[in-house]
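S.K.: What follows is a single structure, and I will ask about it in a moment.
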């Protein structure tokens with residue numbers, strides 16, 4: 001079992017994949033360690049939100065995901 | 001030849017007819033003389049407008065219709 | 001086809017007009033449409049059996065055409081469609097349809113809002129409704145003046 | 001049927017949804033509908049070959065349903081219909097449809113305006129467009145924030 005990371009929008013381009021599994025448990029520092037370079041910068045951006053199992057985190061640095069959780073990395077939506 | 005008077009909306013009920021011919025030429029006093037009672041009151045009301053051949057009069061007391069003209073008496077529209 | 005304004009004496013299906021209107025404006029970003037129907041069933045509308053809309057041909061359609069031109073000048077539109085019924089209608093029948101096509105949604109939505117307010121308050125229609133077999137004229141509403149005042 | 005919210009992965013014909021939605025609300029006074037299409041042809045849209053809309057299933061549809069509930073609570077509606085495309089679309093294809101049915105036109109028009117502003121700015125969709133065979137992500141626009149701010 002592990003944590004499923006889902007990259008949305010252009011984050012998927014930066015990651016080179018749409019999804020990736022990381023070992024559980026996973027916290028904010030663990031996530032950053034797993035996404036170096038431009039992808040890491042995009043994840044750190046204050047405009048990128050994080051949701052766990054479909055629920056937005058108010059403070060993404062409080063990320064705490066366990067086995068079987070799905071962590072979505074959400075860049076700004078495109079608007080209209 | 002004469003002037004055709006067209007009664008719109010509830011003015012047609014008050015007049016008992018939708019249209020009526022009056023002798024030409026016709027001015028404001030001539031029109032009032034031809035529409036006594038409640039119909040006359042409605043025609044005098046500041047909310048009733050008059051058009052000659054489809055063109056609204058800014059001042060209905062300036063009515064001056066000749067042979068073949070059509071004079072429309074327009075009560076307030078019903079709105080929405 | 002920038003302007004299409006019609007008075008119809010018979011029932012109509014809004015989709016028959018909105019589809020071709022949309023297709024006539026390739027490259028558009030959006031179409032906003034309002035369809036008004038004869039309301040029935042509740043409160044002040046309970047017991048309405050029919051509605052009759054009377055118009056004055058020398059002025060009603062020309063007035064609607066002038067309103068369409070005003071909307072085209074005021075908003076950034078590709079086209080506008082205005083259809084209004086006349087005659088006797090039953091509850092549930094469409095009375096009025098306004099569609100505006102534009103490259104951006106704000107213009108289309110605002111144009112429909114503007115045109116409906118002015119159609120309702122400024123156009124040469126007189127309405128009466130039948131209740132219990134009797135026809136009653138519908139008087140102007142204060143709300144109509146407030147609606148028009150929104151547009152300055 | 002007060003709320004009907006759908007994500008569609010295939011092209012749709014707006015009339016197929018608006019007709020039944022209208023008929024499902026007897027007694028209504030009006031229906032306002034906005035249909036947004038993939039814009040093409042001019043200015044910044046020249047050369048667009050296709051648009052792709054990506055979504056995130058655990059959040060996109062639930063977010064649209066919450067928006068529909070907010071519109072129902074805020075305006076005096078009988079019902080609301082929201083349809084949004086996902087996937088690859090070509091110029092001229094409908095992307096989004098919002099219909100609101102109400103007893104009075106103001107509520108229907110305002111609800112469509114509100115819902116479109118929030119769908120565009122707040123919903124979980126990511127767009128990219130293809131020009132010259134290359135896909136480009138579409139960034140948020142300042143205008144979207146201004147649109148949302150209108151609703152206080």
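No lab work stands behind these numbers, since they all come straight from the coordinates. Fair warning: this is a prediction, and the values are worked out from it, not measured in the lab. Virtual Cβ from ideal backbone geometry, glycine too; neighbours counted across all protein chains shown.
S.K.: Hey, in the GNM for chain C with a 10 angstrom Cα cutoff, which one of C:85, C:131, C:105 fluctuates hardest?
M.R.: Comparing C:85, C:131, C:105 in a Gaussian network model of chain C, the most mobile one is C:131.
S.K.: Okay, next question. Ratio of alpha-carbon Rg to the 2.2 N^0.38 Å globular estimate for chain D, to two decimals, please. List each step's numbers first, then the result.
M.R.: Numbers: Rg = 15.8 Å, N = 152, 2.2 N^0.38 = 14.8 Å.
Normalised Cα radius of gyration, chain D: 1.06.
S.K.: Roughly speaking, what is the centre-to-centre gap between the range B:44-80 and the range D:53-86 when only Cα atoms are used, to the nearest Å?
M.R.: A separation of 50 Å, based on Cα centres.
S.K.: Based solely on its DSSP helices, what 222 nm [θ] is calculated for chain A when runs of n ≥ 4 H residues each add -39,500 (n - 2.57) and the sum is averaged over all residues, nearest 500 deg cm²/dmol? Mind dumping the intermediate values first?
M.R.: Values: 3 runs with 21 residues, N = 80.
The per-residue figure over chain A is -6500 deg cm²/dmol.
S.K.: Assuming a ≥ b ≥ c are the square roots of the Cα gyration tensor eigenvalues, decide whether the range A:2-74 counts as rounded (a/c under 1.5), prolate (otherwise, with a/b larger than b/c) or oblate.
M.R.: Numbers: a/c = 1.39, a/b = 1.21, b/c = 1.15.
It comes out rounded by the Cα gyration axes.
S.K.: If you put a point 7 Å past Cα along the Cβ direction, how far is that point for residue D:62 from the same point in each other copy, in nm, smallest first?
M.R.: Taking the point 7 Å beyond Cα along Cα→Cβ, the inter-copy spacings are 6.1 nm.
S.K.: May I ask you to give the average projected area over all directions of the convex hull of the Cα atoms of the protein assembly as shown, in nm² rounded to one decimal? Don't skip to the end; give the middle numbers.
M.R.: Working: hull surface 103.2 nm².
Average projection, Cα convex hull of the protein assembly as shown: 25.8 nm².
S.K.: A further question on this structure: Roughly how many whole Å is it from the C-alpha centroid of the range D:1-52 to that of the range A:5-43?
M.R.: Using only Cα atoms to place each centre, the spacing works out to 35 Å.
S.K.: Rounded to the nearest 500, what is the 222 nm mean residue ellipticity of chain C from helices alone, with -39500 (n - 2.57) per DSSP H run of 4+ residues and division by all residues? List each step's numbers first, then the result.
M.R.: On the way: 4 runs with 51 residues, N = 152.
Using -39500 (n - 2.57) per qualifying helix, the result is -10500 deg cm²/dmol.
S.K.: Which FRET efficiency value, to the nearest 0.05, is calculated for residue A:57 and residue C:74 with the Förster distance at 45 angstrom and r the Cβ-Cβ distance? Let's see the in-between values first.
M.R.: On the way: r = 45 Å, r/R0 = 1.01.
Efficiency, from the Cβ-Cβ distance: 0.50.
S.K.: Averaged over every viewing direction, what's the projected area of the C-alpha convex hull for the range C:2-44? Give it in nm², one decimal, please.
M.R.: Working: hull surface 19.0 nm².
With the hull built on Cα positions only, its mean projection is 4.7 nm².
S.K.: Taking the mean number of other Cβ atoms within 10 Å as a proxy for protection, how do you rank B:51-59, D:29-37, A:1-9 from highest to lowest?
M.R.: Details: B:51-59: 13.3, D:29-37: 25.4, A:1-9: 20.0.
Descending packing order for the listed peptides: D:29-37, A:1-9, B:51-59.
S.K.: While we're here: Averaged across the residues of D:58-70, what count of C-beta atoms belonging to other chains lies within 10 Å of each residue's C-beta?
M.R.: Values: counts 7, 8, 3, 0, 2, 3, 0, 0, 0, 0, 0, 0, 0.
Whole-number average of other-chain Cβ neighbours for D:58-70 is 2.
S.K.: Now, a different point. Against the longest alpha carbon principal axis of chain C, how many degrees, from 0 to 90 and to the nearest 10, is the axis of helix C:60-74 turned?
M.R.: Once rounded, the angle reads 40 degrees.
S.K.: Hey, another quick one. If you take each beta carbon of peptide C:117-130 and count the beta carbons of other chains within 10 angstrom, what is the mean?
M.R.: Numbers: counts 4, 0, 3, 5, 5, 2, 4, 8, 6, 10, 5, 4, 1, 0.
Mean partner shielding for this stretch: 4.
S.K.: At a threshold of 8 angstrom on Cα-Cα distance, excluding pairs fewer than six apart, so keeping six or more, what relative contact order does the range D:15-152 reach in percent? Intermediate results must be reported in sequence, preceding the final value.
M.R.: Details: 235 pairs, mean separation 44.2, N = 138.
For the range D:15-152, the relative contact order is 32 percent.
S.K.: Here is a follow-up. What whole-number volume per residue, in cubic angstrom, does the convex hull of the C-alpha atoms of the range D:53-137 give? It would help to have the intermediate numbers written out before the result.
M.R.: On the way: hull volume 7.9 nm³, N = 85.
Cα-based convex hull of the range D:53-137, divided per residue, equals 93 Å³.
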